[in-house]
Amino acid sequence: MEFHNITSLREMNDIVDTRQALLAYFSHQNCNVCKVLKPKVRNLIENHFPRILLYYINTIEYPDVAGQFSVFSVPTLLVFFDGKEYIREGRYVNLDKFYERLEKLYGIYFK
């Protein structure tokens with residue numbers, strides 16, 4: 001499972017409105033923490049939450065998308081179910097806590 005690149009605010013809004021479950025990963029190429037975290041997030045979703053789609057937003061190239069979703073630092077992870085934001089993790093992401101929160105929501109939506 002790979003991240004799909006978002007290239008416009010309209011595309012992001014359409015995806016949030018039409019996908020049942022998604023994770024939006026906000027980052028940019030100058031963030032070293034983001035480079036290390038991104039494959040860990042991908043593996044976590046791929047191995048435990050396969051019905052969640054992954055999307056990547058470059059905040060330098062698309063600041064309007066970041067601004068619309070109130071993302072002011074990277075990395076920021078947003079998880080949406082049925083068009084509603086349920087999880088927001090930013091800057092220092094604890095993957096164990098993120099997993100626990102996501103597991104509860106995923107269980108509600110898909111079990």
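Points worth noting:
- Chymotrypsin sites (Phe, Trp or Tyr not before Pro) lying in DSSP loop within segment 1-102, provided at most 13 other Cβ fall within 10 Å: PHE72, TYR92
- Cα coordinate range in segment 4-110, projected on the principal axes (Å, largest first): 34, 29, 20
- Residues GLU11, GLU103 in ascending order of nearby Cβ atoms (within 10 Å, fewest first): GLU103, GLU11.
- Order of SER73, SER27 - criterion: other Cβ atoms within 10 Å of each residue's Cβ, fewest first: SER73, SER27
- Virtual spin-label span in nm between LYS104 and ASP64, 7 Å along Cα→Cβ: 3.7 nm
- Size of charge dipole - segment 4-110 - debye, nearest 20, with Cβ of Lys, Arg +1 and Asp, Glu -1, no other charges: 280 debye
- Candidate lysines - alpha carbon under 28 Å from LYS111, same-chain residues fewer than 8 apart omitted: LYS38, LYS40, LYS84, LYS97
- Computed from label points 7 Å out along Cα-Cβ, the spacing between TYR86 and ARG10 is 3.0 nm.
- Contact order, relative form, for the chain: 34 percent (alpha carbon pairs under 8 Å, 6 or more residues apart, mean separation divided by residue count).
Read the figures in this text as sums done on the coordinates, not as results from a lab. This structure is a prediction, so every number in the text was calculated from the model and none was measured. FYI the Cβ positions are ideal-geometry reconstructions off the backbone, even for glycines, and counts take in every protein chain you see.
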